[in-house]
Each structure stands twice: as C-alpha cells, then as structure tokens.
1. Across the stretch 173-195, what is the number of residues that are in a helix (DSSP H, G or I) and either modelled with pLDDT under 95 or surrounded by fewer than 20 Cβ atoms within 10 Å (Cβ to Cβ) (or both)?
2. Would a scan of the stretch 291-304 turn up a residue that is part of a helix (DSSP H, G or I) and buried (at least 17 other Cβ atoms within 10 Å of the Cβ)?
3. Tell me, please, whether a residue that is touching a strand residue (DSSP E or B) at 6+ places or on another chain (Cβ under 6 Å), within 28 Å of Leu188 (Cα to Cα) and small (Gly, Ala, Ser) can be found in the stretch 63-79.
4. Given (1) under 30 Å from Tyr250 (Cα atoms); (2) out of contact with any helix residue (DSSP H, G or I) (no Cβ under 6 Å at 6 or more places or on another chain); (3) modelled with pLDDT of 95 or more; (4) not basic (Lys, Arg), identify the lone condition not met by Glu134.
5. Select from the stretch 214-255 the residues that are within 20 Å of the chain's Cα centre (by Cα), more than 26 Å from Ala11 (Cα to Cα) and part of a strand (DSSP E or B) and list them in ascending order.
6. For the stretch 196-235, enumerate the residues that are among the polar types (S, T, N, Q) and farther than 22 Å from Tyr250 by Cβ.
7. Out of (1) closer than 24 Å to Asp284 by Cβ; (2) part of a helix (DSSP H, G or I), what's the single condition that is false for Tyr161?
Amino acid sequence: MRVAVLHPQTAFTRGGAELHTEALVRALRESGHDAEQVTIAGKWYPATELAHQMAVWRSFDISESNGLKVDAVIALKFPAYLAAHERKIVWLIHQHRSAYELWDHPDFADLSRQEEGPMIRRLVWNSDRLGLGEAKQVFTNSRNVAERLWTSLRLRGDVLYHRSPATEALLARDPEELGDYLFYPSRLEILKRQSLAIDAMRHVTTPVKLVLVGRGPDERSLQERVSAHGLQDRVRLEVGVSDERLHELYRGALGVYFGPFDEDFGYVTTEGFAAARPVVTLTDSGGPLEFVRDEESGLVATPQPKAIAAAFDRLWSDREAARAWGLEGHRLVRETVPEWPAVVARLLG
C-alpha cells in the first residue's frame, strides 16, 4: 500500500511530533508498505497565518503523486488533517491548543490575545469539525487527547499508544543502578515548566541534583534562573544532546521528572519507565497521569516548588521504593504500549 504521512513542519523546530512522524514512516516501510513523509512548512503567527495554513492543506491534492495513486494518508496534527483524501486516517497528537484548552489560560493563552483571535478560533473549530469528521478513522495518542476531542467537538478517537525510538532502545537494555539526579529532557518552553523544577531545587533537603536537557526559546531564561538562585552546583542544563547521551542520562538517573502543563502524551514518561526509573509528575500534567500511579510507579505532586522538592527528596531517601516503582513502570510500558507492527496493523486495519 502507498501511504503518505502528512506533516506540517515549523522550520528549525524538532520535537515529539517529528520523532513520531519519522518513526511511523519507518514502521510502515518495515511492514512492507511504500510510505513517504509529505511535509509542508508553515508558521502559526500572526493569527491570520493560521487561516492561510488551513487553506494550503485543504487545497492540497494528495490523491496521487507522479501519476501513481496514494492509497491512504495518515495525518497527525493540525492542519494536516484538513487535507482531503478518500482514505484519510487521523492519529491525533493534539488539536491547535491555543484555540481550545489554552484559549483563556492566564499564562499560556496566545490566540485569544490577538485582535483576530476570536474569528480565527471559530474558523479552526469549524475546519476541525470538517477535517476530522470526514476521516475514515480517528485515533489519538493518549486518553487525554481523546477526552479533549470529545469535550470540544463531540468527536470520538480511539486511543493508540506507541513507543518512541528512545523507549525502544531503553527497553532493549538491562537497567542500571539508580544515580543521584532527577532527569528532565524536554523542549525548553513555557508549557514544559522547567522553571518549576528549578525553583523546587531551592527547597530540597537531600543532596539530589537536577539535569535538564533540551533546546528551545527558554534556554537563556532558564540558565539565568539557575544562576539567580545560586544553583549552579545542583542544576545542570545540557543543550542538544545525542541519542546516546540521552539514553545514558536516563539510565544513570535516580528518577525522571516530567511536569509539563496538560501534556498530550509525552515520551518522557514511557522513556523513563523503559529505563526502569520512577517518574515524578504533577496533578495537572495530563498525559503522564495515564501511566504514573502515585507510590506505585512514581510520585504525583501538586505543581508547587515545595511539593516537587519533597518528591525529589522522597526518591533520594527511599531508594528501595524508587527502584520498585521504576520496575513497575517498566512492566507497565511493556504490557500497555504496543510495538510498532501492532500499531501499523491497527492504523491500516
């Protein structure tokens, strides 16, 4: 089968969506399909640019390419799922969040603060009803995304988890002994809330350390926050590490911290569990809560620096529990997150 995986790309940005798209194309090919990633670059500001991007994808003809029929398309995110095709499958990472659950958030709102925001928001909702509603099948990458889709548009999505490349690599290796730091790899931006973890390090009472990894617009401000709090000996930031270094940091950690706001799915949770590390997450972190069970596979704290610090100290002080929680998370990932052949079979079944 000839399958096009549709991907809207923000230039010079790389994150979970890109990893997801590339892994899907690779898995389709390994399953015997002729698969190709089809990318259209765009940007999401100012608000009126969203209308342009929606029009581009809606008018994009992917019924055939170079004279050969495209049998199916798989779209993962807005606005790629607006493309028309007789066999369109949507595996939803998230909707355009600033038009939905972040619309009126006091810290994370964006679209609502622009003059054309209300008009563009209506356009996004109407376009989503059309583009998602005409899909032959809609899957979501987590229960959190499925619940958002139902709450907003009354459209159903079947939850379909998957393994990131790092999850697969870490599952293939035996766990190491617990280390002396909490590890948080993620894009350095406001929704990931690395600042909360840095502030928490002001309140820890044990020698535990924090290692942050990633790239993004908040890199400088986070470095400045570490310096302002005098935490240079306790908090380290590594930018743009290799895959090998990423795996090494997971395997050498005491635990993994993942405290974004209302995350869609988040690879960090399953990657931490794949390395048999307990995961600390927050009560409002969304997707991670589908896997992290308090005092069973990690700890769930309130989004307050002192509460996060207490969780960090708990892992340091009770390593026997930390080790057991990490092993439980490891088991959970193996049993509940399918391997790629099963994912491909369900998508195209």
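The values are calculated or read from the model by the stated rules, or taken from the named source; none is laboratory data. Note that this is a predicted model, so its numbers are computed, not measured. Because the Cβ atoms are built from the backbone with ideal geometry, glycine has one as well, and the counts that use them run over all protein chains shown.
1. Restricting attention to the stretch 173-195, the residues satisfying the condition of being in a helix (DSSP H, G or I) are 190-192, 194-195.
Filter once more, keeping what is either modelled with pLDDT under 95 or surrounded by fewer than 20 Cβ atoms within 10 Å (Cβ to Cβ) (or both): 190-191, 195.
Summing the residues that are in a helix (DSSP H, G or I) and either modelled with pLDDT under 95 or surrounded by fewer than 20 Cβ atoms within 10 Å (Cβ to Cβ) (or both) in the stretch 173-195 gives 3.
2. The first filter runs over the stretch 291-304 and keeps only residues part of a helix (DSSP H, G or I), leaving none.
Checking the stretch 291-304: not a single residue is part of a helix (DSSP H, G or I) and buried (at least 17 other Cβ atoms within 10 Å of the Cβ).
3. Yes: the stretch 63-79 contains one or more residues that are touching a strand residue (DSSP E or B) at 6+ places or on another chain (Cβ under 6 Å), within 28 Å of Leu188 (Cα to Cα) and small (Gly, Ala, Ser).
4. (1)
5. Gly255
6. Just the residues of the stretch 196-235 that are among the polar types (S, T, N, Q), to begin with: 205-206, 221, 223, 227, 232.
Scanning the stretch 196-235 gives Thr205, Ser221, Gln223, Ser227, Gln232.
7. In the conditions (1) closer than 24 Å to Asp284 by Cβ; (2) part of a helix (DSSP H, G or I), Tyr161 misses (2) alone.
Let's see how each residue does on (1) modelled with pLDDT of 95 or more; (2) surrounded by 18 or more Cβ atoms within 10 Å (Cβ to Cβ); (3) at negative phi:
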| position | (1), (2), (3) |
| --- | --- |
| Ile40 | no, no, yes |
| Trp44 | no, no, yes |
| Arg58 | yes, no, yes |
| Val70 | yes, yes, yes |
| Ala75 | yes, yes, yes |
